[in-house]
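Written below as structure tokens is the structure these notes are about.
The values are calculated or read from the model by the stated rules, or taken from the named source; none is laboratory data. Treat the numbers as computed from the prediction; the structure is a model and nothing was measured. Using ideal geometry, Cβ is built from the backbone for each residue, glycine included, and neighbour counts are taken over all protein chains shown.
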Amino acid sequence: MNSPTSTPSSSPGNDPRSRGRPAGVKDLAARDPLEHVEPGESQRPISLMLVIFLATLFSWAGYYAHRYGGGYEPLIYNENAYGLAAAKTNAAEKLDPYALGQRVFGNTCARCHQPDGLGLPGQYPPLAGSEWVLAPGPARMIRIVLDAVQGPIPVKGATFDNVMTPWRDTLNDEQIAAVITFVRTQKEWGNTASPVTPEEVAAIRAKTKARSAAGPWTVAELQALPDQEPNP
């Protein structure tokens with residue numbers, strides 16, 4: 001006759017944690033009810049206040065960028081371009097040409113010609129006291145800014161043999177006129193030449209519209225041109 005199968009009791013002697021413990025030693029630590037519960041992942045919903053805050057923030061950022069983006073020009077930012085006065089008159093407020101030229105110079109020219117206009121010896125020619133800058137008329141300099149010049153080029157008794165960056169497709173007539181005016185009238189550099197107008201730049205831009213395909217100007221080509229563009 002088979003004896004009934006005995007089932008393990010829940011006595012302390014059958015507790016797995018008591019195995020190997022000397023007889024008479026009790027486990028006084030309470031059993032953790034979550035000891036055998038496997039951890040799992042859970043998702044918490046995003047706070048509604050956070051969603052509203054982010055939506056407000058992005059809406060304000062888009063509005064600010066559109067209103068004060070200066071027409072999204074890559075090389076100049078005009079915080080006054082769409083100010084309150086412009087909204088009332090439906091016309092963009094003009095930025096002072098000297099301030100505009102200073103800003104364009106800092107963003108496009110200063111990296112090579114240096115903020116003080118002295119250039120880098122043997123690499124980039126100076127603009128301070130340069131005979132090219134201080135010519136009686138700006139015709140050559142406008143061409144240089146539009147389509148660049150390739151060395152060797154003599155400046156103040158030294159020769160420079162780098163290739164300049166052309167700005168025809170990057171800067172508009174107002175920006176080019178402003179930056180040339182800034183350089184030609186920068187008294188701190190000793191430059192006291194005449195200013196340049198956007199109309200002068202526009203006339204030479206139209207006259208030399210095919211020049212970009214021919215590459216930068218050479219010194220010989222520029223020297224063959226008059227300093228002052230003749231009136232049409």
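Assorted remarks:
- Which listed residue is over 20 Å from L120 (Cα atoms) and at pLDDT 95 or above, from V183, V201: V201
- Residues (surrounded by fewer than 17 Cβ atoms within 10 Å (Cβ to Cβ) and small (G, A, S)) located in segment 192-209: S194, A202, A206
- Among the numbered conditions (1) in contact with an Asp or Glu (Cβ under 9 Å, 6 or more places away or on another chain); (2) farther than 20 Å from G106 by Cβ; (3) without any contact (Cβ under 8 Å) to a residue 40 or more places away in the chain, the only one that A210 does not meet is (1).
- The condition of being exposed (fewer than 13 other Cβ atoms within 10 Å of the Cβ), over 30 Å from F160 (Cα atoms) and at pLDDT below 90 holds for only one of L54, L95, that being L54.
- Filter pass, G137 being surrounded by fewer than 20 Cβ atoms within 10 Å (Cβ to Cβ) and touching a residue at least 60 places away in the same chain (Cβ under 8 Å): yes
- Residue match in segment 218-227 (condition: in contact (Cβ under 8 Å) with a residue 12 or more places away in the chain and over 14 Å from W132 (Cα atoms)): no
- Residue in segment 216-224 that is closer than 19 Å to D116 by Cβ and either assigned to a helix (DSSP H, G or I) or among the small types (G, A, S) (or both) present: no
- Of residues in segment 212-232 being more than 12 Å from P138 (Cβ to Cβ) and more than 35 Å from the chain's Cα centre (by Cα), the one modelled with the lowest pLDDT: P232
- One residue alone among I180, I204, I176, I144 is in the same structural domain as L127 (by TED's automatic domain parsing), more than 18 Å from C109 (Cβ to Cβ), in contact (Cβ under 8 Å) with a residue 24 or more places away in the chain and of a type in the set (V, I, T), and that residue is I204.
- Residue check, L127 assigned to a loop (DSSP other than H, G, I, E, B), touching a helix residue (DSSP H, G or I) at 6+ places or on another chain (Cβ under 9 Å), buried (at least 16 other Cβ atoms within 10 Å of the Cβ) and modelled with pLDDT of 95 or more: yes
- Residue check for A158: surrounded by fewer than 19 Cβ atoms within 10 Å (Cβ to Cβ), over 21 Å from the mean Cα position of the chain (by Cα) and in the same structural domain as E199 (by TED's automatic domain parsing): yes
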